[in-house]
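Have a look at the structure below, then the notes.
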Amino acid sequence: MSQDPLVVFMPSGKRGRVPAGTKVLAAARQLGVDLDSVCGGRGICSKCQVSPSFGDFPKLGLTARPDGLSAINAVEERYDRIRGLKEGRRLGCQAEVQGDMVIDVPAESQVHRQVVRKEADARPIVMDPATKLAYVEVEEPDMHEPSGDFQRLVAALQAEWGVGAVTAPLPLMGRLQTALRKGEWKVTVALHKGHRDEAHRIIDIWPGFHEGRLYGLAIDLGSTTIAAHLTDLREGTVKASAGVMNPQIRFGEDLMSRVSYSMMTPGGAAEMTRVVRAALSELAAALAKDGGVAPRDIVEAVIVCNPVMHHLLLGIDPVELGQAPFALATSESLSLDAAELGLTGLAEAARLFLLPCIAGHVGADAAGVALAERPDRAEELTLIVDVGTNAEILLGDRTGVLACSSPTGPAFEGAQISSGQRAAPGAIERVEIDAETKEPRFRVIGSDLWSDEPGFAEAVAATGVTGICGSGIIEAVAEMRMAGLLDSRGLIGSAEATGTPRSEPTGRTHGYLLYDGSADGGARVMVTQGDIRAIQLAKSALYAGARLLMDERGVDEVDKVVLAGAFGAHISPKHAMVLGMIPDVPLEKVVSAGNAAGTGARIALCNVGARAEIELLARQIVKVETAIAPRFQEHFVNANAIPHAVDPFARLRAIAPLPDVNFNAEGGGGRRRGRR
């Protein structure tokens, strides 16, 4: 008695016997193989393309012959003639297994394709979005067996795609009958099913076979800036990215200022909710235009944000977050319709997913960082610092993860800095200062040339040098410290004390002139004593939060530091350590993760299973409250020094000896004691 043909699918290695005459697509589904299909096996979409391999395969225990597959049929010939098939490819929904076979499934035909993240590192995102396309053929109405068009559509989806319960929003019902008749009872639907949903939801419908793509938005709603990525939900690639200032900044630069505004101003919370929703709608519309995508095709959005932004976005007064015990209205993840928030620029029935908040001051943005960086899987004790207006800090390894939030303020993002600006063309982003001559050189966004290189003036002619952004001010302050222009207390020396006329008097203090374009009507970029103080306060809050977590863990050192945040990728580890933003670790153990919170949003957007993972992880993370911790103030005061008043920073001093200078608070005089 002959056995059924043996089929082995590569690269998964899954294998099994199927009856002769079984379609390759059916065999793949039977054996649990990732083989895509949107058209339901009708030879229309070409997503199920496979590459059969022939010959002897001793390790697999079979020989595959050309007659192991059925001959190319009329459907495949038509597809090849009209759209073209790569040489050796077959359509899995048409080719039938006749004998032992080895079938290769190319990457583009896999349901859960791996997409390498461009940000931070090469970890993949496994594609399994909550919203997918499905093509179906619906039975025509019959007056002798009356049923609604929607019921027959649901029956077709259940029969052809194996889905269970199906729902649809009311606006879609208004387009259902037109689409069915225009498509001659063949339609493509966008099916959404969240990780906690019991039923699939139809959120859009197209007549006939729809070959378009679905898109989603991964949004990092920050206190100062809002960043978003328009993402292809099939490939995981980013079509367009953009950022805008959070318009709520006019109600308060930091979170507690906005909570206070809500408390003191009748209707204040509602106004902040209105403006942030309007900003999100405008950003969605701009991204659709930049990416050449119809707003209708943006069917999902995933949002990460801190707790105050979370509540204001949802229309919840954040007053309870301004006082102990800092109670959240809800800490679980949320799935809702974009229309519930009045968001436009997306599909009419688009869905929103908000990651869970970890605690009252540790929000969904920290959850996004945890999902992107997975400190709970780290072998080394890892400190992750998401640098922003409100720093989110994680410390952990496989044995457990701690988290806290620290109010750094907007200085790291260029706000509260005399010449500060957003990271835009013309902004100084890199700085070096010669320790002997005290002369600076710098680079601006939009040019790869340094200011002392030939062609710099021509390269920046269009934008000019307009100011300094967050990464630029961090490097400028660190370079001033290394060049002896700044003492450990953060005081800028006078021209006499520092030996350079770039140290200019500014009332009772001094400033350092980084760039002077006033002769040509341009900007005059100076680092003032006020700028130094703003950076000191911000970095002290950040460092104190990290030390607090280290205290809780019972350690004085960490093994690895990950810098995250919108500009984390642009800060050099050396400058961050000279400034005293992070603990003293080997420089090679300081890495950048870019906008990790935004990456976490992308992961949750592209993989519905990741949403369940982060819900579980968020409940396991232990939150440490900086607002009531006795040692936070002690750590904060010590961290005011640059790099620190008591921590030794021995590794730093080995690679960047810091001048031991001491300037007077008034007049900027003092003595220089040489180098340590």
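Considering only the range 194-213, state which residues are touching a strand residue (DSSP E or B) at 6+ places or on another chain (Cβ under 8 Å) and surrounded by fewer than 18 Cβ atoms within 10 Å (Cβ to Cβ). Step through it out loud before you land on a result.
If we filter the range 194-213 for residues that are touching a strand residue (DSSP E or B) at 6+ places or on another chain (Cβ under 8 Å), which is where we start, we get 194, 196-197, 199-210, 212-213.
Scanning the range 194-213 gives 196, 197, 199, 207, 208, 209, 212, 213.
Could you tell me whether any residue of the range 23-43 is farther than 28 Å from residue 138 by Cβ, open to solvent by less than 10 Å² (accessible area, probe 1.4 Å) and not polar (S, T, N, Q)? No, the range 23-43 has no match at all.
Residue-by-condition table, conditions (1) among the β-branched types (Val, Ile, Thr); (2) free of Cβ contacts under 8 Å to residues at least 60 places away in the same chain; (3) in a helix (DSSP H, G or I); (4) closer than 19 Å to residue 611 by Cβ:
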site	(1), (2), (3), (4)
343	no, no, no, no
352	no, yes, no, yes
357	no, no, no, yes
370	no, no, yes, yes
376	no, no, yes, yes
379	no, yes, no, no
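Conditions tested, residue by residue: (1) acidic (Asp, Glu); (2) in contact with a Gly (Cβ under 8 Å, 6 or more places away or on another chain).
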position: 436; (1), (2): yes, no
position: 456; (1), (2): no, no
position: 465; (1), (2): no, yes
position: 469; (1), (2): no, yes
position: 475; (1), (2): yes, no
position: 482; (1), (2): no, no
position: 487; (1), (2): yes, yes
position: 493; (1), (2): no, yes
position: 504; (1), (2): yes, yes
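Here are 401, 444: which of them is closer than 23 Å to residue 581 by Cβ, without any contact (Cβ under 8 Å) to a residue 24 or more places away in the chain and either open to solvent by less than 50 Å² (accessible area, probe 1.4 Å) or touching a His at 6+ places or on another chain (Cβ under 9 Å) (or both)? The conditions single out 444.
Out of the residues in the range 309-323 that are more than 19 Å from residue 595 (Cβ to Cβ) and among the aliphatic types (A, V, I, L, M), state the one that is surrounded by the fewest Cβ atoms within 10 Å (Cβ to Cβ). Spell out the reasoning first.
Of all residues in the range 309-323, those more than 19 Å from residue 595 (Cβ to Cβ) come to 311-312, 314-323.
Remaining after also requiring among the aliphatic types (A, V, I, L, M): 312, 314, 316, 319, 321.
Values: 312: 30, 314: 19, 316: 18, 319: 13, 321: 25.
For the range 309-323, the residue satisfying everything is 319.
Hey, can you tell me all the residues within the range 153-172 that are of a type in the set (A, V, I, L, M, F, W, C) and open to solvent by 70 Å² or more (accessible area, probe 1.4 Å)? Residues satisfying the conditions are 159, 170.
Scanning the range 382-438 for residues that are more than 28 Å from residue 359 (Cα to Cα), in a strand (DSSP E or B) and of a type in the set (A, V, I, L, M) yields 427, 428, 431, 433. Here is the figure for the range 220-248: residues that are open to solvent by less than 10 Å² (accessible area, probe 1.4 Å), out of contact with any Ser or Thr (no Cβ under 9 Å at 6 or more places or on another chain) and closer than 23 Å to residue 306 by Cβ total 2. Somewhere in the range 586-607, is a residue within 17 Å of residue 373 (Cα to Cα) and of a type in the set (Ser, Thr, Tyr)? The answer is yes; a qualifying residue exists. Screening the candidates 458, 439, 479 for the property of being among the acidic types (Asp, Glu), modelled with pLDDT under 95 and either over 17 Å from residue 578 (Cβ atoms) or open to solvent by 10 Å² or more (accessible area, probe 1.4 Å) (or both) yields one hit, 458. Screening residue 102 against (1) aliphatic (A, V, I, L, M); (2) part of a loop (DSSP other than H, G, I, E, B); (3) farther than 30 Å from residue 189 by Cβ leaves a single unmet condition, (2). Scanning the range 320-331 for residues that are in contact (Cβ under 8 Å) with a residue 60 or more places away in the chain, assigned to a helix (DSSP H, G or I) and among the small types (Gly, Ala, Ser) turns up at least one hit.
Taking the conditions (1) part of a strand (DSSP E or B); (2) open to solvent by 50 Å² or more (accessible area, probe 1.4 Å); (3) among the β-branched types (Val, Ile, Thr) in turn, residue 178 satisfies each one other than (1).
Screening the range 506-575 for strands (runs of 3 or more DSSP E) wholly inside it with 3 or more residues that are touching a strand residue (DSSP E or B) at 6+ places or on another chain (Cβ under 8 Å) and more than 30 Å from residue 380 (Cα to Cα) returns the ranges 509-516, 524-527. Scanning the range 461-476 for residues that are surrounded by fewer than 16 Cβ atoms within 10 Å (Cβ to Cβ) and of a type outside the set (Gly, Ala, Ser) turns up just one, 463. Taking the numbered list (1) of a type outside the set (Ser, Thr, Tyr); (2) on the phi > 0 side of the Ramachandran plot; (3) crowded, with 20+ Cβ neighbours inside 10 Å in turn, residue 326 passes all entries but (3). Of the residues making up the range 376-430, those that are closer than 18 Å to residue 309 by Cα and of a type in the set (Val, Ile, Thr) are 387, 389, 393, 408.
The values are calculated or read from the model by the stated rules, or taken from the named source; none is laboratory data. What you are looking at is a predicted structure, and each value in this text was computed from that prediction instead of being measured. Cβ coordinates were reconstructed from backbone atoms using ideal geometry, including for glycine residues, and neighbour counts include every protein chain displayed. Accessible surface is based on the protein model in full, side chains and every heavy atom, while ligands, DNA and RNA are left aside. Shrake-Rupley method; radii C 1.70, N 1.55, O 1.52, S 1.80 Å.
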